[in-house]
Amino acid sequence: MAFDGRILSGVSVLAAVVEGGSFVKAAELIGLTDSGVSRAIGRLEARVGVRLLDRTTRSVKLTDEGRRFYDEAKPHLDAIENAALAASGAASAVRGRLRVDIDPFFLPLVLAGRLGAFCERHPDLTVEFVTRAQLGDLVADGIDLAIRFGRPRGASLISRKLIEAPILTVASPAYLDRHGRPAHPSELTRHRCLQFLDPATGRPFEWEFVRGSETMEVATTGPLTFTDPKALLEECLGGTGIAQVIGWGVGAQLAAGELIDLFPDWHGERFPLYAYHPSRQHPPAKVHAFIDYCEEIARSL
């Protein structure tokens, strides 16, 4: 099959449909009419000889063949866009739209309430946050950047460690009044411990304590397991049990006496925060700008 510009144009429209989730959104993104988007997709399907999208009155989604085609074509489309940005000098401009796959703890408990300064610095940029349990396929999902806790598990993305967060073991005064305060991490086996699910393994995170060169794992149990860090924190504040949390998100509660840091001598455990983006020769300036801001906020806490 000989290449022609209609294929490139069609792939651009397909990308807009996938990112927007509908023909209407795609039309808004690229400045076409709904019917123009539909015709462009029809021409592309006719050109490649397969049906790329399943359409219903409520939704549009890629077929299996469409997913394979999109996954192969999208990186090349990104490369063309990045090359054009670099050639025009626009790669240094922080503008357009940035889609960020954001950690479900980092956004509500660290970034939320602190994003106004970033918006003021970059008034020509809009940011769309996507929060989900696990890191997905950034390219296929149209994600520019991911900010996630935990060590990298895939080799297909560029990763950069931003900072390591402290892990604290905390409880409310109400819980300690009823159940007593453990004097040593080993005593947690006799307490209610609120668990947080590791989406990578499907099991609760293990509780580890580090003091100097000494490391200790404690097998904890409890009646509740969470995937939402805010819900876990609320139950801890309510006196339901003891929790391990990232220290950045509980400074105000510790200062107000609403939570008690149970083991201040065992703060050696750290949880790394990473930034991920697709492997590209020229990452856009908007990606670098948001990574730098996240690191700035984290280091200020």
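Below, the figures for the structure above:
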| read-out | value |
| --- | --- |
| Per-residue [θ]222 nm for the chain (sum of -39500 (n - 2.57) over DSSP H runs n ≥ 4, rounded to 500) | -11000 deg cm²/dmol |
| Extension reserve of the Leu301-Leu254 stretch, reckoned as 0.36 nm per residue once the Cα distance is removed | 15.6 nm |
| P(r) of the range 142-236 over all Cα-Cα pairs, binned every 10 Å from zero, in whole percent | 12, 39, 32, 14, 4 |
| Debye log10 I(q)/I(0) for the range 235-288, one point scatterer per Cα, at q = 0.15, 0.18, 0.20, 0.21 Å⁻¹ | -0.62, -0.72, -0.80, -0.85 |
| Rounded percent of accessible protein surface that carbon and sulfur make up, the chain, 1.4 Å probe | 50 percent |
| At R0 = 35 Å, FRET efficiency that the Cβ-Cβ distance of Thr56 and Gln134 yields, to 0.05 | 0.85 |
| Lysine pairs meeting the criterion (Cα under 30 Å, 8 or more apart or interchain), as found in the chain | 10 |
| Additional length obtainable on full extension of the chain from Ala174 to Arg39, 0.36 nm per residue less Cα span | 42.2 nm |
| Rounded accessible area per residue of the chain, 1.4 Å, Å² | 51 Å² |
| Convex hull (Cα only) mean projected area of the chain, reported in nm² to one decimal | 19.0 nm² |
| Linear extension gain, Thr126 paired with Ala46, 0.36 nm per residue minus alpha-carbon span | 25.3 nm |
| Gyration tensor verdict on the range 93-171 (Cα atoms; rounded if a/c is under 1.5, prolate if a/b is larger than b/c, oblate otherwise) | oblate |
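The values are calculated or read from the model by the stated rules, or taken from the named source; none is laboratory data. Since the model is a prediction, treat every value here as computed from it, not as a measurement. Heads up, the Cβs are rebuilt from the backbone with ideal geometry, glycines too, and the neighbour counts pull from every protein chain shown. All accessible areas refer to the heavy atoms of the entire protein, side chains included, with ligands and DNA or RNA removed. Shrake-Rupley method; radii C 1.70, N 1.55, O 1.52, S 1.80 Å.
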